[in-house]
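Okay, structure first, notes after.
The values are calculated or read from the model by the stated rules, or taken from the named source; none is laboratory data. Everything quoted here is computed from the prediction, not taken from an experiment. Reconstructed Cβ throughout: ideal geometry from the backbone, glycine too, with neighbour counts over all protein chains shown.
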Amino acid sequence: MEENGVRFALALMWYQDTILLDPTDRRKMESRGNKHTLNIRNVQGSDFGNYSCVADNSLGRAKKYMELSGRPSPAEFRSAPFSRAWDSYNLTWVVESYPPLEEVRLLYRKLMKLQQEVSCNNLLLSPALFSLIFLSCAVYLSYMNETYQHPGKWHDVILQPPHDETFTHVMSYNIRGLDHGSVFEAIVQAKNRYGWNEVSDLYQFYTRGAVRRVRVWREMAANLVDVIPEAEERPLVEDVTKQKSED
C-alpha cells in the first residue's frame, strides 16, 4: 500500500467464517497491486459460508464480508407492468441458480381499483353546473380511491419449475380472474437443494382499464355542445312566437 509516496507493508488474510484459509489445489489467493482475489474452483457444499478479507498495516485494519451461498438469487421481474388484458396478467421473472430449482412460490394480491365511472345520460345541464358536478365527482372518487380501499388477501400459488440445467431460470405464470382497472402486487420465492432464496422485492402490475376517469355519454356531450348554447342565446318567448308564426 502506498500513500503520499510512502509505502506501508500490508498483511492480508482470508477467512471462511472464523477459519483462516490457506491455499489448496481448489483455492487460490492472488494480489495484484491494490486488487486482492480469492478464487475457488469446483465449488462444493463445504465451500458455502461467510467469507471475510482482513487487511492490516501500520495505519490500522480494514475488513470486508461476503456470503457464498448455493441458494437461488432473489427473483427479478421482467414483464411489463401494464397488462393487455382486462382480467388477466402474464407475470414473468428470472432466478439464477446453479442447482436445478425444486419449487417456486408466487404470492399476489389486489391493492386497489383505480377505475371509477359516473354515467350520465340525456341530462340537460348548463355548462357551468355540469363543470361543477364533473369536478366534484372527480375529486370525490379520487379521495375515495386513496382513502377507503384496503388491500385484498394474498393468493398463494405453488409452481413446479421446468427441469433444466441452465444457470438462469426464466419462468412465467398467467394470473387469471383478476378485476379490470386495478392494481396488484406480487412476490416470488424459489428453492433449490440448498434452501429458499430471499423473497423478491414487491412488484406492482395493472390490469387494463386502470385509469381514473369520469365517463359521460355522447348524448350528454351533444346536448351540452348543441342544445344548451342555442337555448342561452335566444329568449324562450322569441322561440314560442316564431314557432306560432310558422304554424
ask   = Scanning for something closer than 24 Å to Y89 by Cβ, of a type in the set (S, T, N, Q), in contact with a His (Cβ under 7 Å, 6 or more places away or on another chain) and modelled with pLDDT of 50 or more, does the range 162-173 turn up at least one residue?
value = no
ask   = Is there a residue in the range 193-213 that is in a helix (DSSP H, G or I), out of contact with any helix residue (DSSP H, G or I) (no Cβ under 6 Å at 6 or more places or on another chain), modelled with pLDDT under 50 and more than 20 Å from L106 (Cβ to Cβ)?
value = no
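Condition check ((1) assigned by TED's automatic domain parsing to the domain that holds E185; (2) among the aliphatic types (A, V, I, L, M); (3) assigned to a loop (DSSP other than H, G, I, E, B)) across all residues:
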position	(1), (2), (3)
S31	no, no, no
H36	no, no, no
W93	yes, no, no
P99	yes, no, yes
ask   = With R71, R41 as the choices, which residue is of a type in the set (K, R), within 21 Å of Y194 (Cα to Cα), at pLDDT 90 or above and touching a Ser or Thr at 6+ places or on another chain (Cβ under 9 Å)?
value = R71
message = Anything in the range 155-182 that is closer than 30 Å to L114 by Cβ and either out of contact with any Ser or Thr (no Cβ under 8 Å at 6 or more places or on another chain) or assigned to a strand (DSSP E or B) (or both)? List them, or say none.
response = H155, D156, V157, I158, L159, V170, M171, S172, Y173, N174, I175, S182
request  = Only one of these is within 36 Å of the chain's Cα centre (by Cα) and either at pLDDT 95 or above or in a loop (DSSP other than H, G, I, E, B) (or both): Y108, Y15. Name it.
outcome  = Y108
Checklist (1) without any contact (Cβ under 8 Å) to a residue 60 or more places away in the chain; (2) assigned to a loop (DSSP other than H, G, I, E, B); (3) within 26 Å of V104 (Cα to Cα) applied to P74, failing item = (1)
ask   = Filtering the range 25-49 down to residues that are over 20 Å from L12 (Cα atoms) and among the hydrophobic types (A, V, I, L, M, F, W, C), which residue is surrounded by the fewest Cβ atoms within 10 Å (Cβ to Cβ)?
value = V43
